[in-house]
Amino acid sequence: MATATEQWVLVEMVQALYEAPAYHLILEGILILWIIRLLFSKTYKLQERSDLTVKEKEELIEEWQPEPLVPPVPKDHPALNYNIVSGPPGHKIVVNGKECINFASFNFLGLLDNPRVKAAALASLKKYGVGTCGPRGFYGTFDVHLDLEDRLAKFMKTEEAIIYSYGFATIASAIPAYSKRGDIIFVDRAACFAIQKGLQASRSDIKLFKHNDMADLERLLKEQEIEDQKNPRKARVTRRFIVVEGLYMNTGTICPLPELVKLKYKYKARIFLEESLSFGVLGEHGRGVTEHYGIKIDDIDLISANMENALASIGGFCCGRSFVIDHQRLSGQGYCFSASLPPLLAAAAIEALNIMEENPGIFAVLKEKCRQIHKALQGISGLKVVGVSLSPAFHLQLEESTGSREQDVRLLQEIVDQCMNRSIALTQARYLEKEEKCLPPPSIRVVVTVEQTAEELERAASTIKEVAQAVLL
């Protein structure tokens, strides 16, 4: 029975073959031949070459030059010709053997060489030693770390704080701890490089808005709102963040925080506020831009700042609600994988906080000195002041560029060098030009501290004016 069935199937196949159109048979035949060719043909051909002699091989090896690991750097590059400091970079600084008045270090409150701060650091050094030799999760958590976190949280009037051992890594670790691939971050074009690295690590969708332009930010938020309406399922799982600085490192300007808070609630976004320049500077008690504007601290989802400016220590911190901060203890890369802050620096930061709380008038003194030098530097021929009068770190830029960034840098460096010769220490703002998202123009950065006297501020302003006139005119 089976044999008869097989014969019948064979007869039907032969009959179908005879009845099929000619072009159909030709096409099938071509396809079969093509498949057979692919199965049995080689996927590559061996290159015909003659074997080289040992001498020829040695000659080729000698002639071969590997590509350079990095591009060549000129020997006169500023990064390779740094100034050497001898002694503490306090009110007076010794640079290359010459004593100058320091207008370059971010020692806003003059605590770097404070006897109380040094005594606290020395006592901690004797008790704990130099370093920690381990991250916070691996026997790197000392009681002094917990004390500092508690003091920072109480000072900022937040539920909790977390400290990092490196200021740059603080915001660069905090951003990717919360924002992931698929999330959206709205960020000011003037954001500092630490924020840019955090954005890069987050792999989120980045939307840049014009510097301090709330209309442009709202335009982007509205556009995103329209996109969300097209795909509500995706919108429900997409987080939105607004990342800004209190006082901008690259511009010396202050963020319009009240308008940002309104946009936050209107478009359901979260605000990350970087306060490395504004912490210990703005506000009646130095709590930063939130205190300056009278904004409730709970309106800001996360505040970060380094301890390397006003506190004159090392490292940084984030503060906010407990559930927000605790997440960083699990996901903050700089917290989880770096050796914790040396105890002596934590002790120094605690003592610096004590001094800030005991002397709230120090912030008014700093503010007045900022106003004084801002006013004195107005009207310099060829230079313009960039930054608000509240900022202790601001910029002097060329009124008109030469058209060449290298030439602009040379002119500004000539001003810095001549001021140094007259015992005024300044510095140019430095950037990684190939990596900056929005490269700022070349500038001289001027830093004000409470230690500088009114006479020294006037002397610095007059020196800068005279030197600028000689170099630029």
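The Cα atoms of the chain define a convex hull whose projected area, averaged across directions, is 42.3 nm².
Cross-link pairs exceeding 22 Å between alpha carbons, from the set K222/K437; K197/K437; K92/K126: K222/K437; K92/K126.
Ordering Q469, L345, Q413 by Cα displacement along the dipole of the chain toward the positive end leaves L345 in first place; charges were set at the Cβ atoms of Lys, Arg (+1) and Asp, Glu (-1). Rounded to the nearest 20, the size of the Cβ-charge dipole of the chain about its Cα centre is 880 debye, with Lys and Arg at +1 and Asp and Glu at -1. The C-alpha atoms of the chain define a longest principal axis, and helix 343-358 lies at about 50 degrees to it. Approximating the spin labels as points 7 Å out from Cα along Cα→Cβ, the I226-to-L439 distance works out to 3.4 nm. List the aspartates and glutamates whose Cα sits under 15 Å from the Cα of K369, skipping any in the same chain fewer than 8 residues away. Once the sequence-local aspartates and glutamates are set aside, what remains near K369 is E451, E455, E456, E458.
Which value, in Å², gives the accessible area per residue of the chain when a 1.4 Å probe is used on the protein heavy atoms? Here the per-residue accessible area is 55 Å². Looking at region 354-406, the GluC sites (Glu not before Pro) that sit in a DSSP loop and have at most 12 other Cβ atoms within 10 Å of their own Cβ are E399, E400. Over all other residues within a Cβ to Cβ distance under 14 Å of A346, the charged ones net out to -3, with Lys and Arg as +1 and Asp and Glu as -1. Projecting the Cα atoms of S389, G90, P66 onto the charge dipole of the chain (Cβ charges, centred on the Cα centre) puts S389 farthest toward the positive pole. Less than 5 angstrom separates the built amide H of Q428 from those of R445, all sequence-distant by 5 or more or on a different chain. Among the listed pairs K207/K434; K234/K266; K180/K234; K230/K262; K157/K180; K210/K268, a Cα-Cα separation exceeding 22 Å is found for K230/K262; K157/K180. Accessible surface of region 427-473, 1.4 Å probe: 49 percent of it comes from carbon and sulfur atoms.
Using the Cβ of S179 as centre and a radius below 11 Å, the other residues enclosed give a net charge of +4, where K and R count +1 and D and E count -1.
Its DSSP H runs of at least 4 residues, each contributing -39,500 (n - 2.57), put the calculated 222 nm mean residue ellipticity of the chain at -14500 deg cm²/dmol, to the nearest 500. Helix 214-230 axis versus longest C-alpha principal axis of the chain: approximately 30°, rounded to the nearest ten. Extension gain for the segment R321 to V70, taken as residue separation times 0.36 nm less the Cα-Cα distance, is 85.9 nm to one decimal. Hey, what angle do you get for helix 361-376 against the long axis of the chain, alpha-carbon based, 0 to 90 degrees rounded to 10? The angle comes out at about 80 degrees. Using only the alpha carbon atoms of region 182-255, find the Kirkwood hydrodynamic radius as the inverse mean reciprocal pair distance, in angstroms to one decimal. The answer is 13.0 Å. How many angstrom lie between the Cα centre of region 166-204 and the Cα centre of region 399-473? Cα centroid of region 166-204 versus Cα centroid of region 399-473: 29 Å apart.
Of the trypsin sites (Lys or Arg not before Pro) found in region 244-301, those in coil by DSSP whose Cβ has at most 15 other Cβ atoms within 10 Å are K268, K296.
The values are calculated or read from the model by the stated rules, or taken from the named source; none is laboratory data. What you see is a predicted model, and the numbers here were worked out from it, not measured in a lab. Cβ atoms come from the backbone with ideal geometry, glycine included; neighbour counts cover every protein chain shown. We work out accessible area using only protein heavy atoms, side chains counted, and drop any ligands, DNA or RNA first. Shrake-Rupley method; radii C 1.70, N 1.55, O 1.52, S 1.80 Å.
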